[in-house]
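The values are calculated or read from the model by the stated rules, or taken from the named source; none is laboratory data. Worth saying up front: this structure is predicted, and the values here are computed from it rather than measured. Neighbour counts run over all protein chains shown; Cβ positions are idealised from the backbone, glycine included. Just so you know, the surface numbers come from the protein's heavy atoms only, side chains and all, with ligands and any DNA or RNA stripped out. Shrake-Rupley method; radii C 1.70, N 1.55, O 1.52, S 1.80 Å.
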Amino acid sequence: MALLNLVLAHFAFGGYSSSAGGDAAGNAMSSAFDKLFMLAALGLVGLLSLLFLLIRRQGFRIALIVVLALNVFLLLTILSLQF
């Protein structure tokens, strides 16, 4: 599940520039927000994966898998907005 999240984050945030043609300040701000959202998504995946490895109770692990699956749907939404 974590690998799927990382692959989708790569495609959702990698190399797409939606602000081509704007002014310099707007392009820089747009790029900064893209990087911020990418870092937040990757940080969330890393934190949830680390918690999955540290916690041994089955109920908590299932909850973490569900949260990672929800993150997949959010990344798919971001990816679908690009096309």
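For this structure, a couple of remarks:
- Pairs where the first residue, in segment 52-75, is without any contact (Cβ under 8 Å) to a residue 12 or more places away in the chain and the second is assigned to a loop (DSSP other than H, G, I, E, B), C-beta under 7 Å, 6+ apart: ARG61/ILE55
- Residue in segment 27-80 that is nearest to HIS10 (Cα to Cα), counting only those that are in contact with a Phe, Trp or Tyr (Cβ under 7 Å, 6 or more places away or on another chain) and of a type in the set (D, E, K, R): ASP34
- For segment 51-79, filtering for residues that are part of a helix (DSSP H, G or I) and either aromatic (Phe, Trp, Tyr) or surrounded by fewer than 12 Cβ atoms within 10 Å (Cβ to Cβ) (or both) leaves 11.
- When restricted to residues that are closer than 17 Å to LEU3 by Cβ and open to solvent by 60 Å² or more (accessible area, probe 1.4 Å), segment 35-50 contains 4.
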